[in-house]
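The structure appears below as C-alpha cells.
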Amino acid sequence: MAKFNFLKCSLLMPLLASMTLSLGAVGSTSNGTPAQDLVYGKWRIVKVLGHSAITDMSERSARGMVGRRVFIGKDRFVFNGEVCEAPAYVRTREDTAVTLREKWHASAANLGLPDPVTAFDAGCTTIFAKSRGALVVPWSGYFFEIVPLRR
C-alpha cells in the first residue's frame with residue numbers, strides 16, 4: 001500500500017488554489033462594462049501590422065485592404081465584406097504573447113498591443129483593444145489596425 005504524504009499535499013494546496021483562481025479570471029468580464037459599449041460602430045482599416053506563420057492571402061492582398069470599412073454592431077460584425085452573424089463580443093483579459101503564440105501562431109512584437117490585452121470574441125475572429133480608439137483584428141492570418149470612421 002502506498003503512503004500518502006500529508007506534508008507535500010498541504011504545501012501544494014495553496015499553489016493549486018492560486019492556479020485555479022488565476023485560470024478562472026481569464027474568462028471574466030473586466031470592470032463590469034458591457035463589451036458592446038467599447039467596440040460598436042463604423043471603423044476603417046488603417047494598416048497591416050503583421051502576420052501569423054500561416055496566412056490565407058498574399059501580403060499584397062492584405063495591404064490592398066487598407067482603407068476599407070469595418071462594421072461592428074450588436075447583431076453582426078462585417079470585415080472585408082464578410083458578415084459574422086450574432087457575435088457575442090465576450091470580453092476577456094489575456095496574456096498578449098501567450099495568446100498570440102498559442103491561438104494565432106504569431107508574435108506580439110510588432111502589433112503594439114498592451115499586456116495583458118483586452119480581447120472581444122466576435123465569433124469569426126477576435127478583436128483586440130490596442131489603445132483608446134484603435135483595435136487590432138486578425139483576418140486570414142494578417143493583423144489589421146482599425147480606427148473609428150470619422151464623420
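Taken together, the values in this text are just the output of simple stated rules run on the coordinates, not laboratory data. Remember, predicted model here, so these are calculated numbers, not experimental data. Note that we place each Cβ from the backbone using ideal geometry, even for glycine, and neighbour counts take in every protein chain shown.
Right, Val147: in contact (Cβ under 8 Å) with a residue 12 or more places away in the chain, surrounded by fewer than 19 Cβ atoms within 10 Å (Cβ to Cβ), among the hydrophobic types (A, V, I, L, M, F, W, C) and part of a strand (DSSP E or B) or not? Spell out the reasoning first.
Details: in contact (Cβ under 8 Å) with a residue 12 or more places away in the chain: yes; surrounded by fewer than 19 Cβ atoms within 10 Å (Cβ to Cβ): yes; among the hydrophobic types (A, V, I, L, M, F, W, C): yes; part of a strand (DSSP E or B): yes.
So Val147 passes the test.
Just give me the residues in segment 73-100 being farther than 18 Å from Lys130 by Cβ and either hydrophobic (A, V, I, L, M, F, W, C) or free of Cβ contacts under 8 Å to residues at least 24 places away in the same chain (or both), in sequence order. Lay out the reasoning, then the answer.
Narrowing segment 73-100 to residues farther than 18 Å from Lys130 by Cβ: 73-76, 78, 80-88, 90.
If the condition is that a residue be farther than 18 Å from Lys130 by Cβ and either hydrophobic (A, V, I, L, M, F, W, C) or free of Cβ contacts under 8 Å to residues at least 24 places away in the same chain (or both), then Asp75, Arg76, Val78, Gly81, Val83, Cys84, Ala86, Ala88, Val90 are the ones that fit.
Taking segment 75-132, which residues are β-branched (Val, Ile, Thr), assigned to a strand (DSSP E or B) and out of contact with any Leu (no Cβ under 9 Å at 6 or more places or on another chain)? Give the derivation first.
Pass one, segment 75-132, residues β-branched (Val, Ile, Thr): 78, 83, 90, 92, 96, 98-99, 117-118, 125-127.
Subsequent filtering for residues that are assigned to a strand (DSSP E or B) retains 78, 83, 90, 92, 117-118, 126-127.
Val78, Val83, Val90, Thr92, Thr126, listed by residue number.
Every residue in segment 71-91 that is under 25 Å from Met57 (Cβ atoms), of a type in the set (D, E, K, R) and loosely packed, with under 14 Cβ neighbours inside 10 Å, please.
Glu82, Glu85 - these are the residues of segment 71-91 that are under 25 Å from Met57 (Cβ atoms), of a type in the set (D, E, K, R) and loosely packed, with under 14 Cβ neighbours inside 10 Å.
Every residue, every condition in (1) in contact with a helix residue (DSSP H, G or I) (Cβ under 9 Å, 6 or more places away or on another chain); (2) among the small types (Gly, Ala, Ser), yes or no:
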site	(1), (2)
Arg101	no, no
Trp104	no, no
Leu113	yes, no
Val117	yes, no
Phe120	yes, no
Ala129	yes, yes
Val136	no, no
Trp139	yes, no
